[in-house]
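One structure is given below, encoded as structure tokens.
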Amino acid sequence: MRVAIFEDEAFAAEHLEKMLLSLEPEMEIAARITTVRKGVEWLRKNSCDLIFMDINLADGLSFKIFEAVEVKTPVIFTTAYDQYAIKAFEVNSVDYLLKPIPVEKLRRSLEKFREYNTPTKQSIDIQTLLSSLSNPGQSLRERFTVEAGEKINVIPVTDIAYFFAMNKATFFRTKSNKTYPVDYSLDKLSDMLNPKHFFRVNRAYIVHLESIANMNLMGTRSIKLTLNPPSDDMVLVSNSRYSEFKEWLNL
């Protein structure tokens, strides 16, 4: 089986390739593509059996590839965006993998590929996909209910500056600098929040765009965020989310 990997993060591409070859030693990695432009050029001249495609490439969203060239090859999307991953899966009907990718989920994706690898499953409706991604859906949370002593407070999402995890519990801090516990993990919250406004910068923080007061480069692939209201920790954009974060800033 010939596989192409569309991924701009060298470490992520190498890790995915190693996992694939551990599961399928005879698999051929036909290409590693890092940009939309190179992806279009490669697909016009080459073919393969399966594509693993990150939603965010070095020069933009990978969905632009489908606007420039017809893709009949089955695609498994990989992404750090929970909401985008779900929408890609709903319209594409092949599979998606949420980073970091567990090897067992990768194994199941390959099995699903073989199950669905029929001519009727190979065409991707890119217009439906783009439309779906531009409208994240109707299930996004608009408010959270929290208990404070004998009172019950309703906090609109628009009043929340950021969510954070601490001591195995999850909290959010409002723009008025009040902190409340919330009964959801950051993983769950990632699915509930509008990805245009909120971004999970690392394992412990999901921040609202408007809560970012300053951004400072710390080395070549790290960004220190100053939040408003101030956070209790130093908040760094993790290395694995660096490219997605920069893309998110331009949404």
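Per residue, the solvent-accessible area of the chain (1.4 Å probe, heavy atoms of protein chains only, all protein chains present) comes to 53 Å². Each label was represented as a point 7 Å from its Cα along the Cα-to-Cβ direction; for residue 145 and residue 176 these points are 2.0 nm apart.
Rounded to the nearest 0.05, the FRET efficiency derived from the C-beta distance between residue 61 and residue 194 at R0 = 22 Å is 0.80. Near the amide H of residue 53, within less than 5 Å, lie the amide hydrogens of 6, 76, 77, 78, all on another chain or at least 5 residues away, with H placed in the peptide plane. Roughly what % of DSSP beta bridges within the chain run antiparallel, to the nearest 5? Expressed as a percentage, antiparallel bridges in the chain total about 65. Couplings 3J(HN,Hα) of the stretch 206-220, computed from phi: 10, 10, 7, 3, 6, 8, 7, 7, 8, 10, 10, 5, 10, x, 7 Hz, in residue order, whole Hz [Karplus 6.51 cos²θ - 1.76 cosθ + 1.60, θ = phi - 60°; x for Gly and Pro]. Extending 7 Å from Cα along the Cβ direction at residue 217 and again at residue 21 yields two label points whose distance is 3.3 nm. Calculate the FRET efficiency for residue 35 and residue 249 from the Cβ-Cβ distance with a Förster distance of 22 Å, rounded to the nearest 0.05. For residue 35 and residue 249, the calculated efficiency is 0.75.
Our summary of shape: the Cα atoms of the chain have principal axis extents of 62, 39, 33 Å, ordered from largest down, in whole angstrom. In plain terms, if you count all Cα to Cα distances in the stretch 171-251 and split them into 10 Å steps from zero, the share in each step is 17, 55, 26, 2 percent. Computed from the C-beta positions of residue 46 and residue 185, the FRET efficiency with R₀ = 35 Å rounds to 0.25. Stretched out straight at 0.36 nm per residue, the stretch from residue 101 to residue 232 would grow longer than its current Cα-Cα span by 44.2 nm. Ordering 43, 100, 199 by Cα displacement along the dipole of the chain toward the positive end leaves 199 in first place; charges were set at the Cβ atoms of Lys, Arg (+1) and Asp, Glu (-1). Rounded to a whole number, what % of the accessible area of the chain do carbon and sulfur atoms account for, probe 1.4 Å? Roughly 48 percent of what the probe reaches on the chain is carbon or sulfur. Dipole size of the chain about its Cα centre, with +1 on Lys/Arg Cβ and -1 on Asp/Glu Cβ: approximately 300 debye, rounded to the nearest 20.
The values are calculated or read from the model by the stated rules, or taken from the named source; none is laboratory data. None of the values given here were measured: they were computed from a predicted structure. Backbone-built Cβ (ideal geometry, glycine too); neighbour counts: all protein chains shown. Side chains included, ligands, DNA and RNA excluded: accessible areas come from the protein's heavy atoms. Shrake-Rupley method; radii C 1.70, N 1.55, O 1.52, S 1.80 Å.
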